[in-house]
Amino acid sequence: MHTPSSSPQIRRAGPSDAQAVAAILTETYLTTWQPQLTPEAAMRFAQCDKIGDYVRSRLAEFHLACVNGTVAGMVDWENDFVWALHVSPRWQARGVGSTLLAHAEAAMAAAGHRQARLETDTFNAGSRAFYQRHGYAEVEFYPDESWHSGFTTVLLSKPLDPA
């Protein structure tokens, strides 16, 4: 049972977290992106191991939000850019995403970055609203080349207070 009062704890990912992180990425793909993809794009995605490749290449960089020992979400950033922030659908709207985002922003500011940047897609209204609530502005729109499905990517940016 998920208790709303359980506060997410942030920690670095380790090798034993690969399966849990891949499961979260798969859940968010299935609930958010796959329904928007053309059948051809969904088939291309199913035929590759994009999630596995990503987890294998970047796992050591991931920070996880854990609630009562359960991995509930992850964030991956480099310099001033958030590559990914995913929260299991079971844990969404419980403060996990906000905690992960604040953690990444604090680390970016501590490293001397004056802004945080990230991308989402125009169809992802929930993501766009989440980031706007956290002070991000939509600054650029361009074709999303990674899905080959006609998506439009939105670049968002937020000024960071110097650490």
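The values are calculated or read from the model by the stated rules, or taken from the named source; none is laboratory data. Since the model is a prediction, treat every value here as computed from it, not as a measurement. Using ideal geometry, Cβ is built from the backbone for each residue, glycine included, and neighbour counts are taken over all protein chains shown.
Remarks
- Some residue of the range 133-143 being modelled with pLDDT under 95, under 16 Å from the mean Cα position of the chain (by Cα) and not in a strand (DSSP E or B): no
Residue-wise test of (1) assigned to a loop (DSSP other than H, G, I, E, B); (2) farther than 18 Å from residue 144 by Cβ; (3) in contact (Cβ under 8 Å) with a residue 24 or more places away in the chain.
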| position | (1), (2), (3) |
| --- | --- |
| 32 | no, no, yes |
| 35 | no, no, no |
| 43 | no, no, no |
| 57 | no, yes, no |
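- Evaluation of residue 99 against (1) closer than 26 Å to residue 13 by Cβ; (2) surrounded by fewer than 16 Cβ atoms within 10 Å (Cβ to Cβ); (3) touching a Ser or Thr at 6+ places or on another chain (Cβ under 9 Å); (4) of a type outside the set (Gly, Ala, Ser) (one fails), failing number: (2)
- Of note, residue 39 satisfies the criterion of being farther than 24 Å from residue 9 by Cβ and modelled with pLDDT under 95.
- Against the criterion of being within 18 Å of residue 29 (Cα to Cα), buried (at least 20 other Cβ atoms within 10 Å of the Cβ), of a type in the set (Gly, Ala, Ser) and in contact with an Asp or Glu (Cβ under 9 Å, 6 or more places away or on another chain), residue 149 does not qualify.
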